[in-house]
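These notes are about the structure you will find just below.
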Amino acid sequence: MDPRPGDIHNPTWVGGSSRGILNPMKSLALACARVGLCVCCCVGTVRGASAAEQAEPAAISDGPMTVVQVPVPEEPASEHASLLRVPRAVGGVAAGFMSHLDHQTFKPGTWDNSFFEVAGRELGSPVTLVGGTAMFAAQGLATGDHEQVETAGLMGLGFVGTSATVQGLKHFTGRTRPDGSDDSSFPSGHTANSFLAAAVLAKEYGGATAIVSYGAATFVGASRIAGGRHHFTDVLVGAAIGQLFGLLVNSIDH
C-alpha cells in the first residue's frame, strides 16, 4: 500500500515531478524545442540579409562629394483606408439624392416671416410642445385619467429621444440653413417633435385626433420650409425620426 496516496490523486502537472504524466515526454519536448529554435534563427538570419541587400544605399559620386540615395520602401495600401471610403461614398450619394429632392420642391423662404411661417414655428417649438404635454398631464392628474397621464409620459419620453437624435445629427452634418443663419439645418427639430406627438396621440386616441395631430405636424414642417429655415429633406428626415420614436414609445406602452 502506498503510504502517500495524496501524491497519486494530486499529480504535479507543472514542473514535472517523478509521478507526473508529462515527465516521460520531457526529453523529447526539449529536443523539439531546440530544433525549432535553430530553424527560427536560420530563417531570421536569411531574411535579415535579404532585407539588408534590398535597403543598401546606392552611392553616387559627383566630384569631391558623394551623394547617398536611400530607397524609401513603399507603404502598402491600408485596408482601413479602403473601408473608410465606403461610408464616404454612401454619404456622397445620399447628399446628392437629397439635393435633388430639395431642388424638386418649392423654394425655401417663399413666405418668410409670414403668418404661415410664424404660426408653424410657434406651434412646433419645444416650449409649446413640452408645455402642452405638461398641461395635458396635469389635467389627467386632476381628473383621475391615468391613461391621459400615461400618454403624456410617453410623449415626454419620446421628446427626449427625438431631441437627442436631432441634435446629434445637426452637430454631425453641419448643414447650412437656407437663410444662412447657422449650420443646424439637418434635420428639422420642430418637425421631428411634432410628428412624435402626432404618432403618440394618434395611437392612443385615433379618429379625429389622429387627423388633427398629423395635419398640425405637416403644417409645422411646411412652415419651416416656407420660412427659409429648412430644406425639404430636413423636414422629411425630421418627420421620419419623429414617427420612428413615436412607434418605439407606443411599443413600450403596449
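The values are calculated or read from the model by the stated rules, or taken from the named source; none is laboratory data. This is a predicted model, so every value here is computed, not measured. Cβ placement follows ideal geometry from the backbone for every residue including glycine, while neighbour counts extend to all protein chains displayed. What goes into the accessible areas is simple: the full protein's heavy atoms, side chains included, and nothing from ligands, DNA or RNA. Shrake-Rupley method; radii C 1.70, N 1.55, O 1.52, S 1.80 Å.
The single condition among (1) in contact with a helix residue (DSSP H, G or I) (Cβ under 8 Å, 6 or more places away or on another chain); (2) modelled with pLDDT under 95 that Tyr214 does not satisfy is (2).
Yes/no per residue for (1) open to solvent by less than 40 Å² (accessible area, probe 1.4 Å); (2) under 20 Å from Ser114 (Cα atoms); (3) aliphatic (A, V, I, L, M):
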position	(1), (2), (3)
Asp179	no, yes, no
Asp183	no, no, no
His190	yes, yes, no
Ala198	yes, no, yes
Thr209	no, no, no
Gly221	yes, yes, no
Arg224	yes, yes, no
Leu248	no, no, yes
Ile252	no, no, yes
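Per-residue answers, yes or no, for (1) farther than 18 Å from Pro108 by Cα; (2) free of Cβ contacts under 8 Å to residues at least 24 places away in the same chain; (3) in a loop (DSSP other than H, G, I, E, B); (4) of a type in the set (Lys, Arg):
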position: Ala198; (1), (2), (3), (4): yes, no, no, no
position: Lys203; (1), (2), (3), (4): yes, no, no, yes
position: Ser213; (1), (2), (3), (4): yes, yes, no, no
position: Gly238; (1), (2), (3), (4): no, no, no, no
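Which one of the conditions (1) in contact with a Phe, Trp or Tyr (Cβ under 7 Å, 6 or more places away or on another chain); (2) in a helix (DSSP H, G or I); (3) modelled with pLDDT under 95; (4) surrounded by fewer than 17 Cβ atoms within 10 Å (Cβ to Cβ) does Phe116 fail to meet, given that it meets all the rest? If we test Phe116 against (1) in contact with a Phe, Trp or Tyr (Cβ under 7 Å, 6 or more places away or on another chain); (2) in a helix (DSSP H, G or I); (3) modelled with pLDDT under 95; (4) surrounded by fewer than 17 Cβ atoms within 10 Å (Cβ to Cβ), just (1) comes out false. Taken over segment 139-167, residues that are part of a helix (DSSP H, G or I), more than 22 Å from Ser251 (Cβ to Cβ) and of a type outside the set (Ser, Thr, Tyr) amount to 4.
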